[in-house]
Amino acid sequence: MNIRVAEEESSQEIHIPADIDWEMLDKSKFFFLGAALFSGVSATLYPVVLVKTRQQVAQTQLSGIRTAFSIVKHEGLRALYRGFGTSLMGTIPARALYMAALEVTKSNVGSATINLGVSEPTAAAIANAAAGLTAAMAAQLVWTPVDVVSQRLMVQGTHPSCSSPRRYVNGIDAFRKIVRTDGPKGLYRGFGISILTYAPSNAVWWASYSVAQRLVWGGIGCYICKKDGDSNDNGSSSTNSNTIRPDTKTVMAVQGVSAAMAGGMSALITMPLDTIKTRLQVLDGEENGRRGPTVGQTVRNLIKEGGWLACYRGLGPRWASMSMSATTMITTYEFLKRLSAKNQESLM
């Protein structure tokens, strides 16, 4: 991808390494390395997700830092990883499904929109949005049951401040008890609102990421043009080449900044839906019979506890988690694609 930045009569062209599409990947290497890399990312960010979940189901408002210290003080450091084994087991197949749907959709939609005469930047945004939407919907088939089980484990504990008493021994025990109490549909509680939360969020995130990248690269190009202009005004010599080839560190930095911008905005927009989804998945069926709580009941309970702001409980940890996750994910993901490319020489 080349981004041209013009200033007066001169022009600079930033040459960015070519994007890697589905056909260019060694699939076995892609999925094997992806499972290893994203397992590490999940392990790093899991405590932040747990704190966010505890805040969302709590009936009183505490800051993320106070919640984390309370967990460590009363339940020990290991409590920050409660339910991680279950989450990890589900994350690997869900990530594989997500990455496959993402790349196949992005490649096909991108080619189709360009063939229709759409400009390359617009085609990239459309393809990224469609890919994010499709990938999120596919992955939720695996992620929703994993979320239900792991979140039940996250919020239980031995201390009175926990929203749920310790009733599950491990993920398998939680799975059995949920099925026995609510039936198989209990594992998909909140599936509809999960789709409403993650599908548009992913579409917005990937489209925003595409646009943010171009904005950041454009800003870098303008800065370089201005710097070169100042050097010429001072009588300094400048290179005759108008093509700028950023190094790997610069490319990764731009990807990380763009991902953080897109992740933070997505967290803010979808926070109320995520809070409602978490409440639906964590509350037990016994509280409202086998049918489980409804969306309306959950919203009314939240408003009763803390007004409309209660829907934004856990926003700080979720904003941090999504921004860090987005930055780590996209740099890891792009690195993974380059490691998995069939022809490394064609990427230069």
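The values are calculated or read from the model by the stated rules, or taken from the named source; none is laboratory data. No experiment lies behind these values; they were computed from the predicted model shown. Remember, those area values only see protein heavy atoms, side chains included, never the ligands or the DNA or RNA. Shrake-Rupley method; radii C 1.70, N 1.55, O 1.52, S 1.80 Å.
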Kindly report, to the nearest 10 Å², the accessible surface of SER119 as traced by a 1.4 Å probe over protein heavy atoms only.
-> 60
Pairs from LYS29/LYS106; LYS106/LYS342; LYS52/LYS249; LYS52/LYS185 whose Cα-Cα separation, in the structure shown, is over 30 Å | LYS52/LYS249
Amide H contacts under 5 Å for ALA341, placed H, 5+ residues apart | ASP26
Rounded to whole Hz and in sequence order, give me ³J(HN,Hα) for the stretch 176-192 from the Karplus expression 6.51 cos²θ - 1.76 cosθ + 1.60, θ = phi - 60°, writing x for Gly and Pro.
-> 4, 5, 5, 5, 5, 7, 10, x, x, 5, x, 6, 10, 5, x, 4, x
Of the convex hull drawn through the C-alpha atoms of the stretch 63-202, the volume per residue in Å³ is 132
With 0.36 nm assigned to each residue of separation and the Cα-Cα distance removed, ALA112 to GLU305 gains 64.5 nm
Whole-percent tail of the Cα-Cα distance distribution for the stretch 46-142, cut at 15 Å, equals 70
